[in-house]
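Take a look at the structure below.
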Amino acid sequence: AQRLMSWFLDQWHAQAKRWPLAEAVEAELLARLEQASHWWASQAHAYEVVDVEQSGVVVLPRSGLRLKGRLDRLDRLRVTPSDGSGGLRILDYKTGSPDSLKERRRQDYSDLQLLAYARMQPAGSVMALGYLSLGASQVSLVIVDTSEDLLDQADETLARVAAGEPVLPLAAMGRGKACVD
């Protein structure tokens, strides 16, 4: 954690000259980086960082829509003699609280972003998706257990819109029978 924080500070000092921030904002950022350093260090025994800011494209098969994105972090489960999976974990950094992330997931289709990132990886390689809440006092991982059907439903709806057909409501992620939006 100390090595990571030292690296963050070196990077920050190099950038701070170009983009000066208000003292309170800088203090908040540094507190978040310190919390992140401890979290990442705690994960190093189980996961190795494969890539950060990885760009990718996925073409949805029905609508033909090209989705471009840049995932924040891609980890690989460290392979042990008893577990040969070595699957990938995609993390998206967020600054909101874990509770606000969970509530937002109930209200919108933010998981589509993670599903698109998963499709940008080799088939069957992604074992986990999640949001990493980077708070000033705590870092929390919100695991996303979602179905590929959500992205397929969105693709089908986009294909109907492109064909000029009426739009039917998508299945709801929360308590309702359909998405009100």
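Within the range 132-167, how many residues turn out to be of a type in the set (S, T, N, Q) and open to solvent by 80 Å² or more (accessible area, probe 1.4 Å)?
Going through the range 132-167 one residue at a time, the tally reaches 2.
Please enumerate the residues belonging to the range 105-129 that are surrounded by 17 or more Cβ atoms within 10 Å (Cβ to Cβ), touching a Lys or Arg at 6+ places or on another chain (Cβ under 7 Å) and modelled with pLDDT of 85 or more.
ALA128
Quick grid of which residues meet (1) closer than 30 Å to GLU156 by Cβ; (2) free of Cβ contacts under 8 Å to residues at least 40 places away in the same chain; (3) aromatic (Phe, Trp, Tyr):
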residue: LEU21; (1), (2), (3): no, yes, no
residue: LEU29; (1), (2), (3): no, yes, no
residue: TRP40; (1), (2), (3): no, yes, yes
residue: ALA44; (1), (2), (3): no, yes, no
residue: VAL49; (1), (2), (3): no, yes, no
residue: PRO61; (1), (2), (3): yes, no, no
residue: ARG70; (1), (2), (3): yes, yes, no
residue: ARG78; (1), (2), (3): no, yes, no
residue: ARG89; (1), (2), (3): yes, no, no
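Under 7 Å by Cβ, and 6 or more places apart or on different chains, what pairs join a residue from the range 159-171 that is within 17 Å of LEU60 (Cα to Cα) with one that is at pLDDT 85 or above and polar (S, T, N, Q)?
ALA159/SER63; ALA162/SER63
Given (1) without any contact (Cβ under 8 Å) to a residue 40 or more places away in the chain; (2) open to solvent by 60 Å² or more (accessible area, probe 1.4 Å), identify the lone condition not met by LYS102.
Failed condition: (1).
Report the residue count in the range 48-78 for those that are in a strand (DSSP E or B), surrounded by fewer than 18 Cβ atoms within 10 Å (Cβ to Cβ) and of a type outside the set (D, E, K, R).
Going through the range 48-78 one residue at a time, the tally reaches 10.
The values are calculated or read from the model by the stated rules, or taken from the named source; none is laboratory data. Everything numeric here is computed off the predicted structure, so don't read it as measured data. Note that we place each Cβ from the backbone using ideal geometry, even for glycine, and neighbour counts take in every protein chain shown. Each accessible area value is taken on the protein alone, full model and side chains, heavy atoms only, with ligands, DNA and RNA left out. Shrake-Rupley method; radii C 1.70, N 1.55, O 1.52, S 1.80 Å.
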